[in-house]
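Have a look at the structure below, then the notes.
The values are calculated or read from the model by the stated rules, or taken from the named source; none is laboratory data. All of these numbers come straight from a predicted model, not from anything done at the bench. In this analysis, Cβ positions are derived from the backbone assuming ideal geometry, glycine residues included, and neighbour counts consider all displayed protein chains. Areas reflect the complete protein model, heavy atoms only, side chains present, ligands, DNA and RNA absent. Shrake-Rupley method; radii C 1.70, N 1.55, O 1.52, S 1.80 Å.
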Amino acid sequence: MSTVSSTIPEAKPNYLTSDFSIKSWLLTTDHKRIGILYLISISLMFLLGGILAGLIRLELLTPTGDVFQPENYNKIFTMHGVVMIFFFLIPSIPATLGNFLIPLMIGARDLAFPRINLLSWYIYLVGGVLTLSAMALGGVDTGWTFYTPYSSTYSNTYVMLTALGVFVSGFSSILTGLNFIVTIHRMRAPGLTWFRLPLFVWGHYATSLIMILGTPVVAVTILLVALERGLRIGFFDPALGGDPVLFQHLFWFYSHPAVYIMILPGMGVQSELIAAMSRKKVFGYEVVAISSVAIAVIGFLVWGHHMFVSSQSWYAGLVFSFLSFLVAVPSAIKVFNWTATLYRGSNAFLTPMLYAYGFIGLFTIGGLTGLFLSAMGLDVHMHDTYFVVAHFHYVMVGGAIMAFLGGLHFWWPKMTGRMYYEPLARLSAVLIFVGFNLTFFPQFILGYLGMPRRYHAYPEEFQVLNVLSTAGATVLAIGYLFPATYLLYSLFKGEKAPANPWNAKGLEWEQAPSPPPTFNFDHTPEVHEPAYAYAPEKEKEVVHS
Amino acid sequence: MSTHSVTAGNPAAVLHHFDTAEQQRDAATLGMWLFLITEVMFFGGFFTAYICYRHYYYDAFVAASHTLNIPLGAFNTAVLICSSLTMAMAVHSAQLGQRKKIVTYLLLTMLLGATFLGVKTIEYADKFEHHHVPGPNFSFPGVENAQLFFSLYFGMTGLHAAHMVVGIGVMIPMLLAAMKGKYTSDYYTPVENFGLYWHFVDIVWIFLFPLLYLLGGHLTPGGGAHH
Amino acid sequence: MSAQNGSGETHHIVPVKAYLGVFAFLMVMTVVTVVVSWVDLGIFNTLVAMLIAVAKAIAVVMIFMHVRWANKLARLFVAGGFFWLLLLFVLVMMDYFQRATLGF
Ligand SMILES: [Cu+2]
């Protein structure tokens, strides 16, 4: 890894300039181009989901339901959830940054199955088109959780078409996970042992495990709902002897771990940003690496915390509650270790780092409020209130999206070969942080005071906090529009990026130009040092002080 | 990868992003196993539902199970075991590069698979005749919640049968490739990985047969009799 | 390319005799499982049927699917996959089998 950027040959065609035809993009098997294709698709989905969120906040500006009919409001929050979770958050980091970076980080020329990688993008598109057409036809109102028997028997909206879209897109995420696991096992460069892998790769390995173990279960659950709805044969309908709670078990067996599909890659990004920007090895690297897998494993055993007030047995509730507390341990380890890494680091206040700071704070709030909800007694009070909404938005938006944006800025020069305009980027990072907190912190209070989620109207005493939240959403929306603008602008007018603008460690920075050529490396790189081998003398100083 | 370094007519060639044929083969096998794990979890949803409802409605499940035809079910189990053997032999022949034998064993496997599906059709037809198919026409006098058993029966065996149909479909191009001599002792990964899939489908049936057909102690031999 | 080795073993050529042995075992066990179902053993009927099914499945996985000769990684994934399914069963059963006893 000692090669410096000056020795990298320039002026050869890179993956972007090797072929400009549309066909070369649509039939590409290059993991980098597929990453870009995904980036475009999920950005459009994020825009759509964001507009729907805006409509929700618009309705909640006043206590009376004066903008939308109650049925339409139900459809809006359902579609916001479906789009954001299944079509933005789940593929967000893995399918874009993960796709782009994993082969580069492990010194491989591509993923193990490049054609399957392309297939996964097309499957994602088919799923997206199915779900979007359901929305165009009239939408769906079950909530993103599709709870039975409402979804299977009573709802008169386009449940089947939406569910089919979710079912189909699940296979794209299975294929991505399968591809990553095989790639990480079989394609590492010589010398790149497991404990030399960047933590980004560890995070994606853990994510992939969840993708292949969990996604099939939600797929079969959707299939059961479809059979019940289509043929009236009753798997979940109490009228036919079925048990709706079984649906919840099967659904959350996937959908709780799915939260970790969304956050683990973000944690991986976080480790990279903090190491590069504080110029230190991640404190307790091995523990952070193992904690990713621990989160994936324990995260599978906690799903019953969504069902404390269903008819789940009291005993099962106790066990699930205990296990939910347990999963906080590896998450806390990560937060502590990032903080310890920052200690006495030469911490730069560049844009990616601002997002990393934001992540630590917001994820900590989101995670700790999760513990409130996994306490059985407290959950009876908090269940289905805005407290839950605020909690998971702190994890998903404050955690996953902050990490996504931080990672996007960090690797933007590598992906596009251009630098973005730093002052504007810093400003928008601050704007997003402020807007986010203004949107969601009031919701903690609203939920604690008892405002239930998923209603279009509310008692007047909740209005002040709701107005604050809507105001925050406006700031947040403006904050998101900034990166969309200056990043696109940088493609045309941005300064040309050197191979390693951050002077960071890692094969993708040290061994490949920006942007990388189609097959990444001319020769398979060899690795002789651990990850994040930044200035060792400084580390010693820390140890002795 | 058609645009890259694969030489036409030489499928054993190492694709551009792999260093060795060994690495490429290993990756394919590992990928296949991961795919099968997703299949295990996929069927797992059905099995979970089976466990819960059987616990709730045990008597109804026993009564409903007694209407299934054990001799036909046992015969189909034997057919599938035979097909697993012929599949294993097809892989074995491929490893030894015996082209004609691969073709024979693949054909036998397809034939046995088709036999299984044929028997299944007979069983399904019988269920339709007796109104044991869940839905508006369902009738099972005297026993409540028997419909759930049949929902699971049709769901699980139907999903299993769908996997067999897909398997037979995949075998057709494989058979043609084997006839052309595409598989040699150096290159037989597709046959080997398909074999894993076929055996997996057999394993699913190994569990379905006792869980659906042999429920609750059939005290008299020839349990096909209707109660 | 990677640090893995021992992959040559994955492609072990299994003697035909082993296949025939497994085949005979599976056939005999099918007969046994049917015969046992005619004997009323109470709750043990299910237990015996499942033990036989697991034994048959292990035989298929080990010999027909070559896991006995596969590298550690493949074995780990196979075992892990089935273990994960077991976790799903056990945790769902924890709810269903306890609802009546605790009165919730
Ligand atoms: Cu959860």
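Measuring nothing but how far apart in sequence close Cα pairs (under 8 Å, 6+ apart) lie, relative to its length, the range A:25-139 scores a relative contact order of 42 percent. Across the range A:152-168, computed HN-Hα scalar couplings (Karplus, 6.51 cos²θ - 1.76 cosθ + 1.60, θ = phi - 60°) run 8, 10, 9, 5, 9, 9, 7, 5, 4, 5, 5, 4, 4, x, 5, 4, 5 Hz from first to last residue, x flagging Gly and Pro. Tell me which trypsin sites (Lys or Arg not before Pro) from the range B:78-181 have a DSSP coil assignment and no more than 12 other beta carbons within 10 Å of their own. When the trypsin sites (Lys or Arg not before Pro) of the range B:78-181 are filtered for loop state and at most 12 Cβ neighbours within 10 Å, B:Lys180 remain.
Indicate the gyration tensor shape class of the range C:9-104 (rounded, prolate or oblate), computed on the Cα atoms with a ≥ b ≥ c the square roots of the eigenvalues: a/c under 1.5 is rounded; otherwise a/b larger than b/c is prolate and the rest oblate. Judged from the Cα gyration tensor, the range C:9-104 comes out oblate (a/c at least 1.5, b/c at or above a/b). Here the relative contact order of chain A, from alpha carbon pairs under 8 Å that lie six or more residues apart, stands at 20 percent. Placing +1 on the Cβ of every Lys and Arg and -1 on the Cβ of every Asp and Glu, with no other charges, gives the protein assembly as shown a dipole of roughly 1560 debye about its Cα centre.
For the range B:21-217, the dipole from Cβ point charges (+1 on Lys and Arg, -1 on Asp and Glu) about the Cα centre works out to 580 debye, to the nearest 20. Dipole size of the range A:33-539 about its Cα centre, with +1 on Lys/Arg Cβ and -1 on Asp/Glu Cβ: approximately 980 debye, rounded to the nearest 20. For the range A:469-490 and the range C:55-81, what is the centre-to-centre distance using only Cα atoms, to the nearest Å? Rounded to whole Å, the Cα centres lie 52 Å apart.
What the phi angles of the range B:166-177 give under the Karplus curve with 6.51, -1.76 and 1.60, with θ = phi - 60°, is a coupling list of 4, x, 5, x, 5, 5, 4, x, 5, 4, 4, 5 Hz, glycine and proline written as x.
3J(HN,Hα) couplings calculated from phi for the range B:119-133 with the Karplus curve 6.51 cos²θ - 1.76 cosθ + 1.60 (θ = phi - 60°) are, in sequence order, 4, 4, 4, 4, 5, 4, 4, 4, 5, 4, 4, 8, 6, 9, 8 Hz; Gly and Pro show x.
Peptide B:142-154 is shielded by partner chain Cβ atoms: per residue, an average of 3 of them sit within 10 Å of its Cβ. Taking Cα atoms only, the orientation of helix A:351-374 departs from the longest principal axis of chain A by about 30 degrees.
Here, P(r) means the percent of Cα pairs in each 10 Å bin from 0 to the largest distance; for the range A:1-129 it is 11, 31, 25, 17, 11, 4, 1. Rolling a 1.4 angstrom probe over the protein heavy atoms with all chains in place gives the protein assembly as shown an accessible area of 37 Å² per residue. Relative contact order of chain B: 34 percent, from C-alpha pairs under 8 Å at least 6 residues apart in sequence.
Taking a straight Cα-Cα cut-off under 26 Å and skipping sequence neighbours fewer than 8 places away in the same chain, the lysines within cross-link reach of B:Lys120 are C:Lys56.
Computed on the Cα atoms alone, the convex hull of chain B gives a volume of 136 cubic angstrom per residue. Rounded, prolate or oblate: which fits the range A:252-341 when a ≥ b ≥ c are the square roots of the eigenvalues of the alpha-carbon gyration tensor, with rounded for a/c under 1.5 and prolate only if a/b beats b/c? In terms of gyration-tensor shape, prolate.
Nonpolar atom fraction for the range A:146-191, defined as the carbon and sulfur part of the 1.4 Å probe accessible area, stands at 73 percent.
Chains B and A together bury some 3100 Å² of accessible area, summed over both sides, with a 1.4 Å probe.
From the Cα gyration tensor of the protein assembly as shown, with a ≥ b ≥ c the square roots of its eigenvalues, which class applies: rounded if a/c is under 1.5, or else prolate if a/b is larger than b/c, or else oblate? Oblate, since a/c reaches 1.5 and b/c is not below a/b. The amide H of A:Arg418, built 1.01 Å from its N in the peptide plane, has A:Ala497 as neighbours under 5 Å, considering only residues 5 or more places off or on other chains.
Applying both filters, DSSP loop and at most 14 other Cβ atoms within 10 Å, to the chymotrypsin sites (Phe, Trp or Tyr not before Pro) of the range A:323-408 gives A:Tyr343, A:Phe349. Placing unit charges on each Cβ (+1 for Lys and Arg, -1 for Asp and Glu) gives chain A a dipole about its Cα centre, and among A:Ala429, A:Ile184, A:Ile106 the Cα reaching farthest toward its positive end belongs to A:Ile106.
What quantity of accessible surface, computed with a 1.4 Å probe and excluding non-protein components, is buried in total between chains B and C, in Å² to the nearest 100? Looking at B and C, the buried total is near 4600 Å².
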